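Read the structure below first, then the notes.
Just so you know, all these numbers are worked out from the coordinates, no wet-lab data involved. In this text, all values refer to a predicted model and were calculated from it rather than measured experimentally. Quick reminder, even Gly has a Cβ in these numbers, built from the backbone with ideal geometry, and neighbours come from all protein chains shown.
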Amino acid sequence: MFKIHDYKGFPNPTRIRIAISEKGLSDQVSFVSVDVPAGEHKSVAFLSRNPAGTVPVLELEDGTHISECTAITEFLDHSIGQPTLTGRTARERAMIHMMQRRAEAGLLDAVATYFHHATPGLGPHIETYQCREWGEKSLDRAISFMRYLDQALENRPYLAGSQFTMADITAFAGLLYADIVKLEIPSDLTRLKAWRARIIERPSIAS
Ligand SMILES: N[C@@H](CCC(=O)N[C@@H](CS)C(=O)NCC(=O)O)C(=O)O
């Protein structure tokens, strides 16, 4: 049994909730809600779990805390059965990590930067430093990256190849964040839209 400290509905916590469902681990996890809008993730108690002050955080039975969605997903993927989300062969693992990081930097983190810097974000009690120009620039970066994703899907059904992986989860969470800031996928990106419509049908995401 392990714990996930998170805030339901936020994009990064959603990545881990999808991974838990994909791995069939739901009955082995309990969730501890961290009141992010109220700033609980910046409290001394929470910072001792994750000095970055972000959710989600995985807590193991021995008290170890693991943050960063990629690290948590690696743990979940290897904790039961064969890995399905992070690859088995050297080539698969490399492709998945490469595409995951591209999607994280180019979309998810770019939209997050827009949210935190060019909108009220989580409110003045949390957004103590904002740089609007950087936020706006990041929004442009996210839109450009959607074009890259659309091209990447030209010859393969999923971002890292023939299987749904952690890279798809990250990109999906990036689009979820885009919805929150009302950034739409440009209408000509039909492959990206079709990919999204297809993966939304997965039980791990639909639920
Ligand atoms: N790179 C981190 C990102 C985590 C993250 O930024 N989480 C957001 C929630 S979606 C958060 O805690 N934001 C609070 C804040 O930035 O103050 C990961 O992979 O876990």
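Quarter the surface of the alpha carbon convex hull of the chain and you get the mean projected area, 11.5 square nanometres. In this simple spin-label model, placing a label point 7 Å from the Cα along the Cα-to-Cβ direction at both ARG91 and SER43 gives a separation of 5.0 nm.
Sorted into 5 angstrom bins from 0, the C-alpha pair distances of segment 122-185 split as 4, 14, 19, 22, 18, 10, 6, 5, 2, 0 percent.
Sorting MET1, MET146, MET95 by the number of Cβ atoms found within 10 Å of their own Cβ, with the fewest placed first, yields MET1, MET95, MET146. In straight-distance terms, cross-link reach from LYS42 covers every one of the lysines whose alpha-carbon lies under 25 Å from its own, apart from those fewer than eight places away in the same chain; here that gives LYS3, LYS8.
Expressed as a whole percent, how much of the Cα-Cα distance distribution for segment 82-131 exceeds 12 Å? Considering segment 82-131, 68 percent of its Cα-Cα pairs are separated by more than 12 Å. Got a sec? Charge dipole of segment 21-106, +1 on Cβ for Lys and Arg, -1 for Asp and Glu; which of GLY87, VAL32, THR73 is way out at the positive end? Working it through, the farthest residue towards the positive pole turns out to be GLY87. Exposure proxy for PHE172, PHE164: other Cβ atoms within 10 Å of each Cβ, ordered fewest to most, give PHE164, PHE172. In loop segments of segment 1-99 as defined by DSSP, the GluC sites (Glu not before Pro) with at most 14 further C-beta atoms inside 10 Å of their C-beta are GLU61.
Only lysines eight or more places from LYS137 in sequence, or on another chain, were considered; those with a Cα closer than 25 Å are LYS182, LYS193.
Eigenvalues of the alpha-carbon gyration tensor of segment 40-91, scaled by 5 and square-rooted, set the equivalent ellipsoid semi-axes at 27, 12, 7 angstrom, largest first.
In whole Å, what is the distance between the alpha-carbon centres of segment 60-99 and segment 125-203? That distance is 21 Å. Summing Lys and Arg as +1 and Asp and Glu as -1 over all other residues whose Cβ lies under 13 Å from the Cβ of LEU107 gives a net charge of 0. The longest part of the chain holding none of the exposed loop trypsin sites (Lys or Arg not before Pro), meaning those outside H, G, I, E and B in DSSP with at most 13 other Cβ atoms within 10 Å, is 89-181.
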